[in-house]
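One structure is given here, and the rest of the page talks about it.
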Amino acid sequence: MKRPKLKSKDKASPVPRTIALAVSGIEAPVELKRHPNARRMTLRVHQARRVVLVTMPMRCRIEEADRFLRSHIDWIQRRLRSLPQSVEFVDGIRLPIRGILHSVVFEPQRRGGPVVEQRDERTGAVLSVRGTAETAPRRLMDWLVEEARRDLDAAVLVHARRLGLRPRKLSIRDQGSRWGSCSSTGALSFSWRLVMAPPHVLDYVAAHEVAHLKEMNHSARFWALVKSTMPDMDVARAWLNVHGLELHRFSPRHG
């Protein structure tokens, strides 16, 4: 494992620092992140980015992270092998939108009109994206994020009203292995990939995170709260368990 030379200010810095590494035996990038709240080293594989992430205390040495990684290398390799083959945003792919498969068509000749347009044709649902192979993937990604935001804004509002709760803000991110999260300050964050799932699945994740505004745990009280606002939550949970990993195959990145 190649060890980068750290400047003295890195050791005393009060803010998180991320170091990108290439590690022998791990066929994926490795990122070491120092975090002020970390009390021990933790390890996970970011499904969407296919990156190995190590979070460590601020004073932790690179040599300690090296030993930690090597002690878990078999687990890392198995986890990486279990990830589904990635599908980039290219012309002709089949992409689910709200649970319905669409054929993606890049149309560089198009002028004016919406950047992304959903169409129903005899051959099935079509997602038309204005732009070339270089510009269309980013435009498609931006559209998916905004569609996810619109759906989640509406779902969160419904469940927050039912439960008498009020989130502080909502953000859409590339969550990796998480579908959503709720901070102690009341901020909700969701994966943009939820817009690809059937609507009742997105609705369940919204209900789940809204319930965390009152119960920051997974106790019996928490699950009762989720069920009170979404009685069919078990159907959506089952769908995520079976099909959720497939949604992480899709990526706007190239190379």
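Looking at ARG168, ARG221, can you tell me which residue is surrounded by fewer than 16 Cβ atoms within 10 Å (Cβ to Cβ), touching a Gly at 6+ places or on another chain (Cβ under 8 Å) and more than 22 Å from PRO96 (Cα to Cα)? First the steps, then the outcome.
Details: ARG221 fails: touching a Gly at 6+ places or on another chain (Cβ under 8 Å).
Among ARG168, ARG221, only ARG168 is surrounded by fewer than 16 Cβ atoms within 10 Å (Cβ to Cβ), touching a Gly at 6+ places or on another chain (Cβ under 8 Å) and more than 22 Å from PRO96 (Cα to Cα).
Filter region 39-96 down to residues that are free of Cβ contacts under 8 Å to residues at least 60 places away in the same chain and among the small types (Gly, Ala, Ser), then give me how many there are.
Final tally of qualifying residues: 4.
I'd like the full set of residues that are touching a residue at least 24 places away in the same chain (Cβ under 8 Å) and outside any helix (DSSP H, G or I), limited to region 220-255.
As a first pass, look at region 220-255 and keep what is touching a residue at least 24 places away in the same chain (Cβ under 8 Å): 225, 228-230, 232-233, 235-237, 239-240, 243-254.
Hits for region 220-255 are MET230, ASP232, HIS248, ARG249, PHE250, SER251, PRO252, ARG253, HIS254.
Are any residues in region 40-92 in a loop (DSSP other than H, G, I, E, B), surrounded by fewer than 17 Cβ atoms within 10 Å (Cβ to Cβ) and modelled with pLDDT of 90 or more, and if so, which ones?
Once the filter is applied, which keeps residues that are in a loop (DSSP other than H, G, I, E, B), surrounded by fewer than 17 Cβ atoms within 10 Å (Cβ to Cβ) and modelled with pLDDT of 90 or more, region 40-92 yields ARG40, PRO57, HIS72, VAL90, ASP91, GLY92.
Quick one: how many residues across region 113-128 are part of a strand (DSSP E or B) and over 17 Å from ARG98 (Cβ atoms)? Show your work before the answer.
We begin by selecting, within region 113-128, every residue part of a strand (DSSP E or B); these are 116-121, 124-128.
From the residues that got through so far, the ones that are over 17 Å from ARG98 (Cβ atoms) too are 121.
The qualifying residues number 1.
What's the number of the only condition in (1) part of a loop (DSSP other than H, G, I, E, B); (2) touching a Leu at 6+ places or on another chain (Cβ under 9 Å) that PHE106 fails to meet?
Just one mismatch for PHE106, condition (1).
Residue check: is ASP153 within 28 Å of GLU246 (Cβ to Cβ) and either in contact (Cβ under 8 Å) with a residue 40 or more places away in the chain or among the β-branched types (Val, Ile, Thr) (or both)? Even if it seems obvious, please write down each step before you answer.
Working: within 28 Å of GLU246 (Cβ to Cβ): yes; either in contact (Cβ under 8 Å) with a residue 40 or more places away in the chain or among the β-branched types (Val, Ile, Thr) (or both): no.
So ASP153 does not fit the description; no.
Test PHE190 against the criterion of being buried (at least 16 other Cβ atoms within 10 Å of the Cβ), among the aromatic types (Phe, Trp, Tyr), farther than 30 Å from PHE89 by Cβ and at pLDDT 95 or above, and give yes or no.
Values: buried (at least 16 other Cβ atoms within 10 Å of the Cβ): yes; among the aromatic types (Phe, Trp, Tyr): yes; farther than 30 Å from PHE89 by Cβ: no; at pLDDT 95 or above: yes.
So PHE190 fails the test.
Scan (1) more than 25 Å from HIS46 (Cβ to Cβ); (2) buried (at least 18 other Cβ atoms within 10 Å of the Cβ) for the single condition PRO108 breaks and write down its number.
(2)
Residue check: is LEU157 out of contact with any His (no Cβ under 9 Å at 6 or more places or on another chain), closer than 15 Å to PHE250 by Cα and not basic (Lys, Arg)? Even if it seems obvious, please write down each step before you answer.
Details: out of contact with any His (no Cβ under 9 Å at 6 or more places or on another chain): yes; closer than 15 Å to PHE250 by Cα: no; not basic (Lys, Arg): yes.
Answer is no for this residue.
For region 181-199, what are the residues that are under 9 Å from the mean Cα position of the chain (by Cα) and over 20 Å from HIS212 (Cα atoms)?
ARG193
Failed condition for GLY244, given (1) within 30 Å of PRO84 (Cα to Cα); (2) touching a strand residue (DSSP E or B) at 6+ places or on another chain (Cβ under 9 Å), with all others met?
All conditions pass for GLY244, except number (2).
The values are calculated or read from the model by the stated rules, or taken from the named source; none is laboratory data. Computed from a predicted model, the values in this text were never measured in an experiment. Neighbour counts are summed over all protein chains in view; Cβ atoms, including those assigned to glycine, are modelled from backbone coordinates with ideal geometry.
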